[in-house]
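These notes are about the structure you will find just below.
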Amino acid sequence: MAFVIDQTAPADLSASFSDAGRSDDRVTNLGTMTVSGLEAGATWQYSSDEGNSWANGQGNSFILGQANEAVSYADNQVQVRQIDAAGNTGSARELAAFTIDQ
């Protein structure tokens, strides 16, 4: 019986935020980031410190920011990645700078 070892990294994830205000100013009043592009059986992680530490994600979103405070994130500070069912880790997807102003 032949078997195949999966050594292929999963596809890159995408992350985005919703905003009730202007969509072109990179300022949001919501701290919820939505993750898409998950492969079946994969897990995912996010980082808010340029990939120095990672937290395990759940569902398809995570929350950044502090209640009633404005928080700015620099280019590449927030990142997401996925780990497929075989344990292969995909490349980190880095987000462009944005501000959460709750």
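Normalised by the empirical 2.2 N^0.38 Å for globular proteins, what value does the Cα Rg of the chain take? Show your work: numbers first, answer last.
Working: Rg = 15.4 Å, N = 102, 2.2 N^0.38 = 12.8 Å.
In units of the 2.2 N^0.38 Å rule of thumb, it is 1.20.
Tell me, what % of the accessible area of the chain is carbon and sulfur with a 1.4 angstrom probe? Spell out each step's value before the answer.
Numbers: 2760 of 6280 Å².
Of the solvent-accessible surface of the chain, carbon and sulfur hold 44 percent.
If you take the beta carbon distance between residue 61 and residue 86 as r and set R0 to 25 Å, what does 1/(1 + (r/R0)^6) give as a FRET efficiency, to the nearest 0.05?
Working: r = 25 Å, r/R0 = 0.99.
It comes out at approximately 0.50.
Just the number please: accessible area per residue for the chain, 1.4 Å probe, all protein chains included, in Å².
On the way: 6280 Å² over 102 residues.
Per residue, the chain has 62 Å² of solvent-accessible surface.
The values are calculated or read from the model by the stated rules, or taken from the named source; none is laboratory data. Every value quoted in this text rests on a predicted model; they were computed, and no experiment measured them. Here the Cβ is made from the backbone with ideal geometry for all residues, glycine too, and neighbour counts use every protein chain on show. What goes into the accessible areas is simple: the full protein's heavy atoms, side chains included, and nothing from ligands, DNA or RNA. Shrake-Rupley method; radii C 1.70, N 1.55, O 1.52, S 1.80 Å.
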